[in-house]
Each structure stands twice: as structure tokens, then as C-alpha cells.
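Just dropping this structure here.
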Amino acid sequence: MVRRRFVPTLMGSSQISSIGISVSPPTNVTVGTSQQFTATIVNTSNTNVTWQVNGITGGNATIGTISASGLYTAPAVIPNPASVTITAISQADNTKSAGTTATIVAVASNPVVISISPPINVTVATSQQFNATVLNTANTAVTWQVNGITGGNATVGTISAAGLYTAPAAVPNPAAVTVTAISQADTSKSAGTTVTVVAVVNIPAAVDVQIFTASGTWNKPAGARSVQIAVVGGGGGGGGTATIAGGGGGGAGGQSTNTFAASILGASVAVTVGGGGAGGGSGLPGADGAATSFGTSLQAGGGGGGAAADTTGAGGAGGSGTSNGGNGGNGGTASSGLAGTAGAGLAGGGGGGGGGNNGTFGTSGGFGGAQGFAAGGAAGGAGGGPGPTAGTPGTSVPANTPSGGSGGGGGGSSSAGSGANGGAGGSYGAGGGGGGRTASAGGNGAPGIAVVTTYF
């Protein structure tokens, strides 16, 4: 009989085979970026693993860190050596592990690309903006050079740290220069373009000038490229007086100027020219001047009328504009018998105030304000002397000069009886002078004007 020997076995036991790590992405990892690693555990229900980098659980800032889920983040600087070992250790049996190698690499650097939106011809003494686009690096700063000189110089032109190139005052020899942008992340990477510096070409500009001394319509000429507009508001009238104090001078109209692209203006534009304010009669204020406008694009306000005399006549306010008109001068006081003050001149002169009287003697009216926008422009009209004498009218300017005239002088006062009238404001837009003493009138304000110059 054959005897058989039975060897008992332990039922239900299991064995843990070696851990297999599958790495779906490449094993090259760029500095500062992250990479997911995956560990597959077989033959155990506990599939958890502990992750290490170069034997350090969780890694560190020098060799990179790894999370409990296997997300590896490369260090900011390539370590030495550049390759590190990523290891997964089974938590079911810490004698079982597997690993892979990750190599830390630098950011790929592409050459600088310069995009130039404007033309590459640059006129002497003008500026041109250049732009550089840097790819594949967080540091997009560049260093700008002209003909290999950082920042350039006065001969070849200068360039700012922001890429603004300014051509030299004279054309260099040769006229072509090279503008280069060098990557600050990798100075071996650069790109450039050629700029040709050209002289100024003077082409006589054809112009069309239309002068409006009354309201009308401007029709845009064919081929118009830009339109320069100047408008002056009407001047305020001087104040009259029925007392022994002087009336106030009228304020000058404001002046506005601007240049527009012809393309934004309508084919026809209404032009409104403001009239001058009438001078006030005995004891009456002067009327305000009216505004002058070019459609809704530009406007200059009219000057305020001078006040009628009470104890004194206040001068009218200057009209509004890109340059305000001059204020009218105040009339002389009844108590002191002082002369009226002069009108101030900006866009045009305000009228002078009328003379005062203290019941014993009369005084002269104030001078009108000087003509606006003219170096050494004409002075305002002279104030009337005691006696009485009327104020002198202000000086006018030519119609093709969109500048305010000078203000009229204030009328003179007298020791008894009626005073003299104020002088009229000079064209365009100046204020009238105030009246002096009883029963005298203020001068009329000058009308406004609009001048439209079209360039082709």
C-alpha cells in the first residue's frame, strides 16, 4: 500500500507583487510646472502608496515636491543633477516599491518676434512706437537698441525702454538704421527691423477760407481733409446811466478754435453768428452779446451787457470759449468821482466804464480793453474826458483775423448836466463802453464772426 503525505496550506493568504508605476505624460518636466504620476498596485485591497522624491517623502523645494495623490511640481531652478527619482511605496507592504526618473528641463526659448504696425519710414525729429512680442517665457521684457547701441544716440536716433523711437534731427548716413529688441530672459535671442529716416517734404497745402460775418451755411468742399474753425461771440453793450455814476462796460465775446477731421463733419453745417449787444439808454443796462456757433461742434459765448449805473455800474462778464472774453470795466462811483476802470482783454477787450461824478466835478471814462490775440494789439478806445467827451470806439481787426477787437472807451462825466456816451466796441466781439453821468448811453457791443479754413 502506498502511503501519501498531506502538507497543509494556509487558505486566504495573499501576496503583494511589485508595484507598477505608469507615467502617462513624458518624464521631462519643465521648471515650475506640475506633472501627475500614477501608481498601480496589484494583489492587495490596500492600494494606497507613499510618494517620495530622491527618497524624501513629499520632496522639497530643491528637487521638487510631490503630493499624496502623486502630483509632482518641479523646482523653480534646475537641480544638480537635473534628473530626480520619483518613487511610490506600498502602504500595504513598505518593502514593495517602484519608481521612475523625471528630468527637469528649462523653459524653451523662442526668438523675439517684433511686430511693427506703423510704416518703417520715419521723418526726422518725429517719433515712432515699436512693439516686441516675446514668447515662451514669463519675462517678456526686452532691451531696445539702435544700430547696436542700447537706447541709441543723437546721430542714429534714440529709443526708450518702452520702444518709442525718435528719429535724429538730420538724416544719418546711411539713412537706414536697425532697431533691435533683445530678450532679457535670454540675451542670445533677438529680432530687429530696418527704419529709414527721411527728410520733411514740404507740400504746399491747398486751402479754402470762408468768412461768416452773418449767419449762413457752410458746405463741405470736395476733397476736404481737415477743417479749422474759429468763432468769436458778440460783445456786450455798455450800460447807460441816469445818475451821476458811470455805467459799466460790456464784456467781450469769447473765442473758440479747434481743428476737426473733415470726415466727421456733415456735408452742410449751420453757422450762427452772434450779434453785438445794444448799448443801454439812459438808466438802462446794455444788452448781452449773442453766441457764435459752428453747428454743434464749436461755440463761443457772447459777452454780458454792462449794468446801468446806480451807485456804480458793474462791467459785463466776458463770454465763454476756449479763451474767455475780457470783462467790462466798472463805472466810476458817484461818491468819489473816480474814472471808470479799463476793460480786460483776452479773446477781445471789454468796454471801459463811464466816468463818475461827486456832484462837483466829472471824470474821464475808463479805457476799453486791448485787442485780443495780437502781440502789441491795439489799445482800447480812450475814455471820454470831463466836459463831457464821448468815449472813443474800439479798434477793429480784419475779417480774416479771427481775433477780438478792442473795447470801446467809457463816456466822460461832467460837473453838471448830462455826461457823454460810451464808445462802440471794435469788431469782432469787443464790448461797448459805459455811459458817463445822467442821460448818457452805453456803446454798442461788436458783432461776432466765424472763420472756417478747409485743408485738402
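Scan the range 47-63 and give yes if some residue there is over 13 Å from residue 29 (Cβ atoms), over 60 Å from the mean Cα position of the chain (by Cα), modelled with pLDDT of 90 or more and surrounded by 14 or more Cβ atoms within 10 Å (Cβ to Cβ), otherwise no. Show your work before the answer.
Just the residues of the range 47-63 that are over 13 Å from residue 29 (Cβ atoms), to begin with: 47-52, 54-58, 60-62.
Applying the additional criterion that residues be over 60 Å from the mean Cα position of the chain (by Cα) yields 47-50, 55.
Going one step further and asking which of them are modelled with pLDDT of 90 or more, we end up with 48, 50, 55.
Add one more test, that the residue is surrounded by 14 or more Cβ atoms within 10 Å (Cβ to Cβ), and what stays is 50.
The answer is yes; a qualifying residue exists.
Could you check residue 288 against (1) surrounded by 23 or more Cβ atoms within 10 Å (Cβ to Cβ); (2) at pLDDT 90 or above; (3) farther than 19 Å from residue 241 by Cβ and say which number it fails?
Checking residue 288 against (1) surrounded by 23 or more Cβ atoms within 10 Å (Cβ to Cβ); (2) at pLDDT 90 or above; (3) farther than 19 Å from residue 241 by Cβ, the one that fails is (3).
Yes or no: residue 302 assigned to a loop (DSSP other than H, G, I, E, B), assigned by TED's automatic domain parsing to the domain that holds residue 425, farther than 23 Å from residue 428 by Cα and modelled with pLDDT of 85 or more?
Details: assigned to a loop (DSSP other than H, G, I, E, B): yes; assigned by TED's automatic domain parsing to the domain that holds residue 425: yes; farther than 23 Å from residue 428 by Cα: no; modelled with pLDDT of 85 or more: yes.
Considered against the rule, which asks whether it is assigned to a loop (DSSP other than H, G, I, E, B), assigned by TED's automatic domain parsing to the domain that holds residue 425, farther than 23 Å from residue 428 by Cα and modelled with pLDDT of 85 or more, residue 302 comes out as no.
Just one of 238, 192, 223 is surrounded by 15 or more Cβ atoms within 10 Å (Cβ to Cβ) and assigned to a loop (DSSP other than H, G, I, E, B); which is it?
Numbers: 192 fails: assigned to a loop (DSSP other than H, G, I, E, B); 223 fails: surrounded by 15 or more Cβ atoms within 10 Å (Cβ to Cβ).
Criteria check complete, one pass: 238.
Being part of a loop (DSSP other than H, G, I, E, B), more than 30 Å from the chain's Cα centre (by Cα) and of a type outside the set (S, T, N, Q) is the filter here; which residues of the range 169-184 pass it? So that I can check it myself, show each step before the final result.
Step one: of the range 169-184, the residues part of a loop (DSSP other than H, G, I, E, B) are 169-175, 184.
Those left that are additionally more than 30 Å from the chain's Cα centre (by Cα): 171-175, 184.
Matches in the range 169-184: 171, 172, 174, 175.
Please work out which residue is nearest to residue 247 (Cα to Cα), limiting yourself to the range 307-321 and to residues that are of a type in the set (S, T, N, Q) and at pLDDT below 75. So that I can check it myself, show each step before the final result.
Of all residues in the range 307-321, those of a type in the set (S, T, N, Q) come to 311-312, 320.
If we keep only those that are at pLDDT below 75 too, we end up with 311-312.
Working: 311: 10, 312: 7 Å.
Per the criteria, the residue is 312.
The values are calculated or read from the model by the stated rules, or taken from the named source; none is laboratory data. All values reported here derive from a predicted model rather than from experimental measurement. Virtual Cβ from ideal backbone geometry, glycine too; neighbours counted across all protein chains shown.
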